[in-house]
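Right, one structure below, let's go through it.
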Amino acid sequence: MELETKDCPLFFVSGRKDTMINLLVKIFVKNPEDIKNSAVRQSYGVLSGGVGICCNILLFCFKFLAGILTGAVSVAADAFNNLSDAGSSVITLVGFKMAGKPADNDHPFGHGRIEYISGLAVAVAIIVMGVELLRQSFDRILHPEAMEFSLLSVIILVGSILVKMWMAYFNYGLGKKIESAAMKATATDSLSDCITTSVVLISVFVEFFTGFNIDGYAGAVVALFVLYAGYQAAKDTLAPLLGQAPDPELVADIERVVMEEAGIIGIHDMIIHDYGPGRVFASLHAEVPYSMDFLHAHDIIDLAESRVKDELGIEISIHMDPIVDDDEHIQQLKSQVIDIVKEIDKGITIHDFRVVSGPYLTNMIFDCVVPFDCALKDDEVRKTISDKVSQMGEGYNAVISIDKPMATKASLHPL
């Protein structure tokens, strides 16, 4: 259950610059475009949490009143769902406040991951409420009670659907703008509330027009939607905590900036660490010609690191790898090894290729990057390559280090 928006990052509801969303952002967020700034992200989080607390408490009060008027467990369940949403908004607000704390001796990379943890806490709260709603609904199925139709309750439920729809767009718009899993989880919850309240409203009309009491069944449907929303939110917030693969666009951006530096002829072994939104650290190996002056090469690496930080806001550490690029014999051997690995699996790549010749053996030393979905085990890949290299000529021997891809390759130096 996800919201889809166009390319308009903030004013996506109406596209007009006098929308309520824009007005709220203008009032409560200073420098709203500086989303890499932890203080700005904190302001967005406070805005999202504050709006959620106010709206959900009001909805709880009105829906609880509607539940009393109709005697419907599904309406009352929906009311307490909004009360739990208010609690979730408190968690979101507190999470953003804590995530905005600066780095310290105990947390040198900052506290940004608290934002992910707050999103997970919201997801857990959604799931717990879903279980309780399901229990109440089964009890009402076994022991049905008549509902009373009330025009006021219908108006309250319709108004609730419209408010929740706006809140879903509001939180998803902010979440998309600042890339916040916690806000997107809140938006998903609001969208599920639109659906569940619609189900409750349908049950009220069914009871009024047909006499069939489907209150308990409608409550069960509400609970299932809540549980599904909680599952989706938990999945989205757990992924970065567990160490998901980096965004391919980010990988491509880092590669582009580094490769624009004259003298760097290839990169590999890129690793990206996510310490929370706006707190990304990276490392990679950059290949330079072995004949380049050492101090010149060092300056090039420093310039590449500075450009990545200035253009992308990412702290990066670049290791320099000198490679032989003007020896035809070595290039020919490398080309043959490339053909060998491609026969095994087209996703396998090699790097740091060098040749050490002795009186009896010619060692070809290189790193081999084997994708996680390769059909062969690492030892099988190593043995297969070694056997084929030994068949290239007498005395040829492969010394292979097996690596795994730490970043989704966009167009990293392929071999």
Where a residue in segment 89-110 is on the phi > 0 side of the Ramachandran plot and its partner, wherever it lies, is in a helix (DSSP H, G or I) and polar (S, T, N, Q), with Cβ under 8 Å and at least six apart = 110/38
Just name the residue that is nearest to residue 139 (Cα to Cα) out of those in segment 185-213 that are in contact (Cβ under 8 Å) with a residue 40 or more places away in the chain and among the aliphatic types (A, V, I, L, M).
-> 200
A careful count of residues in segment 80-118 that are closer than 30 Å to residue 66 by Cα and not hydroxyl-bearing (Ser, Thr, Tyr) gives 10
Go through 251, 199 for me and flag whichever is farther than 28 Å from residue 157 by Cβ, buried (at least 18 other Cβ atoms within 10 Å of the Cβ) and modelled with pLDDT of 75 or more.
-> 251
Does residue 52 satisfy the condition of being over 21 Å from the mean Cα position of the chain (by Cα), in a helix (DSSP H, G or I) and of a type outside the set (Ser, Thr, Tyr)?
-> yes
Residue list for segment 233-283, restricted to those being over 14 Å from the mean Cα position of the chain (by Cα) and assigned to a loop (DSSP other than H, G, I, E, B) = 260, 261, 262, 263, 264, 265
Do you know which residues across segment 285-313 are surrounded by fewer than 19 Cβ atoms within 10 Å (Cβ to Cβ), in contact (Cβ under 8 Å) with a residue 40 or more places away in the chain and in contact with a helix residue (DSSP H, G or I) (Cβ under 9 Å, 6 or more places away or on another chain)?
-> 307, 311, 312
In segment 112-143, anything surrounded by 21 or more Cβ atoms within 10 Å (Cβ to Cβ) and part of a loop (DSSP other than H, G, I, E, B) is listed as 112
Matching residues in segment 364-386 - criterion: being surrounded by 15 or more Cβ atoms within 10 Å (Cβ to Cβ) and either of a type in the set (S, T, N, Q) or within 18 Å of residue 328 (Cα to Cα) (or both) | 364, 366, 384, 386
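Looking at 26, 101 in this structure, which one is surrounded by fewer than 17 Cβ atoms within 10 Å (Cβ to Cβ), outside any helix (DSSP H, G or I) and basic (Lys, Arg)?
Among 26, 101, only 101 is surrounded by fewer than 17 Cβ atoms within 10 Å (Cβ to Cβ), outside any helix (DSSP H, G or I) and basic (Lys, Arg).
Hey, can you tell me all the residues within segment 214-232 that are hydroxyl-bearing (Ser, Thr, Tyr) and either closer than 9 Å to residue 141 by Cβ or not in a helix (DSSP H, G or I) (or both)?
Matches in segment 214-232: 217 only.
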Can you tell me which residues in segment 387-413 are of a type in the set (Ser, Thr, Tyr), surrounded by fewer than 16 Cβ atoms within 10 Å (Cβ to Cβ) and at pLDDT 85 or above?
-> 390, 401
Over segment 316-337, the set of residues surrounded by 16 or more Cβ atoms within 10 Å (Cβ to Cβ) and either out of contact with any helix residue (DSSP H, G or I) (no Cβ under 6 Å at 6 or more places or on another chain) or farther than 26 Å from residue 251 by Cβ (or both) is 321, 323, 330, 333, 334, 337
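Just to verify a result, which residue in segment 152-182, among those that are at pLDDT below 80 and among the aliphatic types (A, V, I, L, M), is surrounded by the most Cβ atoms within 10 Å (Cβ to Cβ)?
182
The values are calculated or read from the model by the stated rules, or taken from the named source; none is laboratory data. Just so it is clear, the model here is predicted, and its values are computed rather than measured. Note that we place each Cβ from the backbone using ideal geometry, even for glycine, and neighbour counts take in every protein chain shown.
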